[in-house]
Amino acid sequence: MTDLRRDGRALLDEARQERTPDADTRERVYQALLASPAFLAGAPAPPAGRRPLSATQKWLLLAALAAAVIGALYLAGHAGEKPQAAKSKPVPARAAAPESASPLAGRAGSGGR
Amino acid sequence: MAETPPTFRALYEGHFDFVWRFAAHRGVPQAALDEVVLEVFGYVYQQQASLEGRLALRTWIAGVTRSIVRSYLRSHGFQSPPPLAIEALYAAEDLGAPELLEKKSAGELLDLILDKMSAAQREAFVLCDIEGLPAVETAQALGVTETTLSARLHQARQVFNAVSARLRAERFWITRGSATET
């Protein structure tokens, strides 16, 4: 890395001091800032999404999550069951026919050459 | 642990000089400094709700200032010069007549040098070598890696040494130096 020459550093320090504004400038700009539209509009409130939840809100959220999980588990556990009314209905003849009723059924087992 | 956000007035007092000098050394004309600095702090004021827990406040303000200054310079037609070879800088004849150079202040002389740098080199040089920001902070403020910053700083210092050598060769600087020592 290139280094600055010593007299170059002196020039930088002198220029830095020269460019440092005085107290009057600082105050003048601050007064202008107070009268600027950005200041008069007021600082915006923090975004709602970043506001922390209150204790009650946390409990409500937890309860809602627990209820959702329990509901989902219950539904998953009972998903294979048929309703009571469906059990009493007569089974259609075709669906209830045994495997052996098929004309090909006998051949499959005894099919020698 | 997050720091308590400073009040806006304290924030303004603590960073005003830095913002002002950064804008001035970056090339904003004296007459427009009020406007640019006002815009920077207007933005900072609008964003102060999100400053909570922001540890590197100066880095963030440097980034905001850089962005607003760039926008100002672009919209007002200020352009950085095309990069010159360092040898060309040593031989440059466009620094002005010695009798005029002798009357320039340190800030004006520094502007002569900074005007020879590209925008990226100038930003790196002003933040690191004039304002004394650490390399990590400067790289974050400029949105570059430390390697990139290091390369830009190296080039900027070469430009600085070359042009300041030219100024010294005009002997007015030696006169200035002896005048300030006595």
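The values are calculated or read from the model by the stated rules, or taken from the named source; none is laboratory data. Owing to the predicted nature of the structure, the values given are computational and were not obtained by experimental measurement. Note: ideal-geometry Cβ built from the backbone for every residue, glycine included; neighbour counts use all protein chains shown.
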Item to complete: Just give me the residues in segment B:92-114 being at pLDDT 90 or above and more than 9 Å from chain A (Cβ to nearest Cβ), in sequence order.
Response: B:114
Discussion item. Would you confirm, using the coordinates I've provided, whether residue B:32 is closer than 22 Å to residue B:118 by Cβ, crowded, with 19+ Cβ neighbours inside 10 Å, without any contact (Cβ under 8 Å) to a residue 60 or more places away in the chain and not β-branched (Val, Ile, Thr)?
Written reply: no
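Please indicate, with yes or no, whether at least one residue in segment B:21-30 is more than 15 Å from the chain's Cα centre (by Cα), at pLDDT below 95 and of a type in the set (Gly, Ala, Ser). Full working, then the answer.
If we filter segment B:21-30 for residues that are more than 15 Å from the chain's Cα centre (by Cα), which is where we start, we get none.
No, every residue in segment B:21-30 fails to be more than 15 Å from the chain's Cα centre (by Cα), at pLDDT below 95 and of a type in the set (Gly, Ala, Ser).
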Practice prompt. Only residues that are part of a loop (DSSP other than H, G, I, E, B) and more than 10 Å from every other protein chain (Cβ to nearest Cβ): list them for segment B:15-51, please.
Written response: B:27, B:28, B:29
Item to complete: Need at least 3 residues that are surrounded by 10 or more Cβ atoms within 10 Å (Cβ to Cβ), at pLDDT 65 or above and of a type outside the set (A, V, I, L, M) per element, so show me which helices (runs of 4 or more DSSP H) inside chain A make the cut, counting only ones lying wholly within it.
Response: A:6-19, A:23-34, A:55-77
